[in-house]
Amino acid sequence: MHSDAAAVNFQLNSHLSTLANIHKIYHTLNKLNLTEDVGQDDHQTGSLRSCSSSDCFSKVMPPRKKRRPASGDDLSAKKSRHDSMYRKYESTRIKTEEEAFSSKRCLEWFYEYAGTEDAVGPEGMEKFCEDIGVEPENVVMLVLAWKLDAQNMGYFTLQEWLKGMTSLQCDTTEKLRTTLDYLRSLLNDTTNFKLIYRYAFDFAREKDQRSLDINTAKCMLGLLLGKIWPLFPVFHQFLEQSKYKVINKDQWCNVLEFSRTISLDLSNYDEDGAWPVLLDEFVEWYKDKQMS
């Protein structure tokens with residue numbers, strides 16, 4: 001009898017110990033959020049639904065999305081984007097190189113007109129003017145010669161070309177064409193115009209002469225003052241019938257000053273001023289012409 005009671009107590013204690021262990025495991029899993037919600041019926045019966053290892057793992061680590069293998073269309077689209085980016089980069093690089101001034105390209109450009117010579121001569125100058133779209137007698141060619149500091153009319157030496165075109169950042173015909181308006185605009189500046197006017201005298205004269213022959217002087221004056229000095233046609237007529245065969249630099253410079261300061265009716269001309277005889281004679285001739 002006593003042995004039977006002891007056996008029952010042993011079994012009861014064993015069951016209680018097992019339930020206590022199960023209870024500890026449940027609370028441990030619950031703290032780790034590894035258990036599923038327990039229904040009301042389960043609480044009533046005290047039963048526990050444990051989660052499987054795969055279910056628990058899915059709650060701790062979300063499943064990784066499988067990467068879909070790239071299709072042929074996706075690969076083509078990606079390659080197309082890369083090709084487009086490369087073409088854009090190459091286009092920008094080439095454009096930048098073309099826009100940047102190149103001494104080598106400028107030198108090659110020079111020899112297109114100079115041939116085997118070290119200067120662009122009359123024939124090459126004619127072709128050069130044709131290519132840039134201006135007549136040789138256009139005033140913009142005088143301004144260009146001034147920018148190149150050319151010493152002889154009708155010629156551009158290699159040194160003059162490289163120095164002047166470098167300052168203008170022109171190494172192709174196209175670039176110079178786009179610079180022509182800038183060159184023309186220099187004539188609108190009083191200081192630049194005076195510099196160009198003075199340069200024209202030395203540029204046009206024979207280098208073994210100190211003066212400018214009258215025919216060349218009339219052409220150059222017409223080029224520079226013909227469109228801006230209303231009295232130029234009359235002054236040109238005076239030179240035509242005068243005894244003058246040459247014009248010196250002092251006379252040349254005073255003609256510009258006269259055109260800028262003396263009124264069209266010559267009323268403010270001072271005969272006792274420091275004007276050269278050439279202009280005294282012009283004023284006297286003009287007044288006689290007006291009275292006759």
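The values are calculated or read from the model by the stated rules, or taken from the named source; none is laboratory data. Computed from a predicted model, the values in this text were never measured in an experiment. Don't worry about glycine lacking a Cβ; one is built from the backbone with ideal geometry, like all the others, and counts go over all protein chains shown. Accessible surface is based on the protein model in full, side chains and every heavy atom, while ligands, DNA and RNA are left aside. Shrake-Rupley method; radii C 1.70, N 1.55, O 1.52, S 1.80 Å.
Some observations on this one:
- Distance between the pseudo-spin-label points of Ser167 and His236 (7 Å out from Cα toward the beta carbon): 3.0 nm.
- Report note on the peptides 252-260, 203-211: ranked by the mean count of other C-beta atoms within 10 Å, highest first, their order is 252-260, 203-211.
- Exceeding the 25 Å Cα-Cα cut-off - candidates Lys147/Lys249; Lys207/Lys227; Lys194/Lys227; Lys207/Lys287: Lys207/Lys227; Lys207/Lys287
- Highest average packing first - 184-190, 213-219, Cβ atoms within 10 Å: 213-219, 184-190
- Met165 contributes an accessible area of around 0 Å² to the protein surface, as traced by a 1.4 Å probe with all chains present.
- Largest to smallest accessible area among Ser263, Ser80 [probe 1.4 Å]: Ser80, Ser263
- Listed residues Met220, Asn152, Ile196: farthest to the positive end of the dipole of the range 135-285 (Cβ charges): Asn152
- Between Asp83 and Leu223, the modelled labels are 5.5 nm apart [label points 7 Å from Cα along Cα→Cβ].
- When all protein chains stay in place and ligands, DNA and RNA are ignored, the 1.4 Å accessible-area order of Glu271, Glu108, largest first, is Glu271, Glu108.
- FRET E, pair Lys127, Lys287, Förster distance 45 Å, beta-carbon r, rounded to 0.05: 0.40
- Magnitude of the charge dipole, the range 208-291, Cβ model with Lys/Arg +1 and Asp/Glu -1, debye to 20: 400
- Per residue convex hull volume, Cα atoms of the range 103-188, in Å³: 83
- In this structure, Gln151 and Arg198 have a Cβ-Cβ separation that, at R0 = 22 Å, corresponds to a calculated FRET efficiency of about 0.95.
- Using only side-chain charges placed at the Cβ, +1 for Lys and Arg and -1 for Asp and Glu, the dipole size of the range 103-188 relative to its Cα centre rounds to 400 debye.
- The tail of the calculated P(r) for the range 208-291 beyond 22 Å holds 19 percent of all Cα-Cα pairs.
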